[in-house]
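Report on the following structure.
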Amino acid sequence: GRRSLSSVPGVRERTLIAIKPDGVQRRLVGQIIQRFEQRGFKLVGLKMLQVSDDLLSQHYGQLRTKPFYPGLLQYMTSGPVVAMVWEGYKVIESSRMMVGHTNPAEAQPGTVRGDFSIHVSRNVVHASDSVEGAQREIQLWFKGKELLNWECCDHASTFGL
Ligand code: UDP
C-alpha cells in the first residue's frame, strides 16, 4: 500500500537559509530562491529583517573568539537579510552542497558561492550545517507561527509513492 509521505525518514527535515546583506544588495534574492524551488524543496518560512547584534551573537556565538568576528558582525548588520526556512528530504546536506564551500575561492562552480562570490568575507548566503544546528538556528530566527505547514499538490508524486 501507499506510505504516508511524512513517514519517509528525512523528508520533513528543515534548514535555515539566509541571504546575507551582500546578496540582497546585489539583487541575488530571486536567483537564490529559484535554486531551492527548482531543486524541489518547500518554502515554509520567509522574512526580510535587519538583524540585531543580539541575534547575531547567538547565531555566531561559537565564532566569537575568531579574528574575523568583529568584521562578520559589521557585515551581517550592514543591511537587510532575507531569512528562509526550507523543508524537504535531506535538505540540510543538499543545501550545504548547493551553497558551496565557506571560502568562495574554494567553492565549486554551480554552487551559490562558487557562482556569485570570490571572498570569504562576502559569501552571500548562510546555510545550517547539521540537524542540531538547523533546529537551533530556526528557533532563533523564527517564531513557531511564522513557519507554515502546507502540502504541495505534486509533492507525493516526486517520490513515486
Ligand atoms: N567567515 C569569515 N572569515 C573566515 C571564516 C568565516 O568572514 O575566515 C564568515 C563567513 O561569512 C562565514 C561565516 O563567517 O560564512 C561563518 O563561518 P562558518 O565557518 O560557520 O562557515 P559557513 O557555515 O557559513 O560555511
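The values are calculated or read from the model by the stated rules, or taken from the named source; none is laboratory data. This structure is a prediction, so every number in the text was calculated from the model and none was measured. A quick note on method: Cβ atoms are made from the backbone with ideal geometry, for glycine too, and the neighbour counts reach across all protein chains shown. To get the accessible areas, we keep the full protein, side chains included, count just its heavy atoms, and leave off ligands, DNA and RNA. Shrake-Rupley method; radii C 1.70, N 1.55, O 1.52, S 1.80 Å.
Numbers below:
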quantity: Packing-based ranking, highest mean first, of 80-88, 109-117, 61-69 given that Cβ atoms within 10 Å are counted; calculated: 80-88, 109-117, 61-69
quantity: Full-stretch length increase - Tyr60, Val131 - with 0.36 nm per residue and alpha-carbon distance subtracted; calculated: 23.9 nm
quantity: Per residue accessible area of the chain, 1.4 Å probe, in Å²; calculated: 56 Å²
quantity: ³J(HN,Hα) computed for each position of segment 89-94 - Karplus, 6.51 cos²θ - 1.76 cosθ + 1.60, integer Hz, glycine/proline x; calculated: 4, 6, 5, 5, 5, 5
quantity: The chain: calculated mean residue ellipticity at 222 nm from DSSP helix runs of at least 4, using -39500 (n - 2.57); calculated: -9500 deg cm²/dmol
quantity: Residue-count net charge about Ala134 - beta-carbon cut-off 15 Å; Lys, Arg +1, Asp, Glu -1; calculated: 0
quantity: Anchor Lys66: lysines whose Cα lies under 23 Å away (excluding residues fewer than 8 positions away in-chain); calculated: Lys20
quantity: Share of carbon and sulfur in the accessible heavy-atom surface of segment 1-95 [1.4 Å probe, %]; calculated: 50 percent
quantity: Under Karplus coefficients 6.51, -1.76 and 1.60, residue-wise ³J(HN,Hα) of segment 109-122 in Hz, glycine/proline x; calculated: x, x, 8, 4, 5, x, 9, 10, 8, 10, 10, 4, 6, 9
quantity: Whole-Hz couplings from phi, Karplus 6.51/-1.76/1.60, listed for segment 70-79; x for Gly and Pro; calculated: x, x, 5, 5, 4, 4, 6, 9, 6, x
quantity: Positive-end residue, segment 91-132 charge dipole about Cα centroid, Cβ charges, pick of Ser121, Val131, Thr111; calculated: Ser121
quantity: Calculated FRET value between Leu49 and Lys145, using beta carbons and R₀ = 25 Å, to 0.05; calculated: 0.95
quantity: Cα gyration tensor category, rounded, prolate or oblate, for segment 44-161 with a/c compared to 1.5; calculated: oblate
quantity: Lys, Arg +1 and Asp, Glu -1 on Cβ, resulting dipole of the chain about Cα centre, debye, nearest 20; calculated: 100 debye
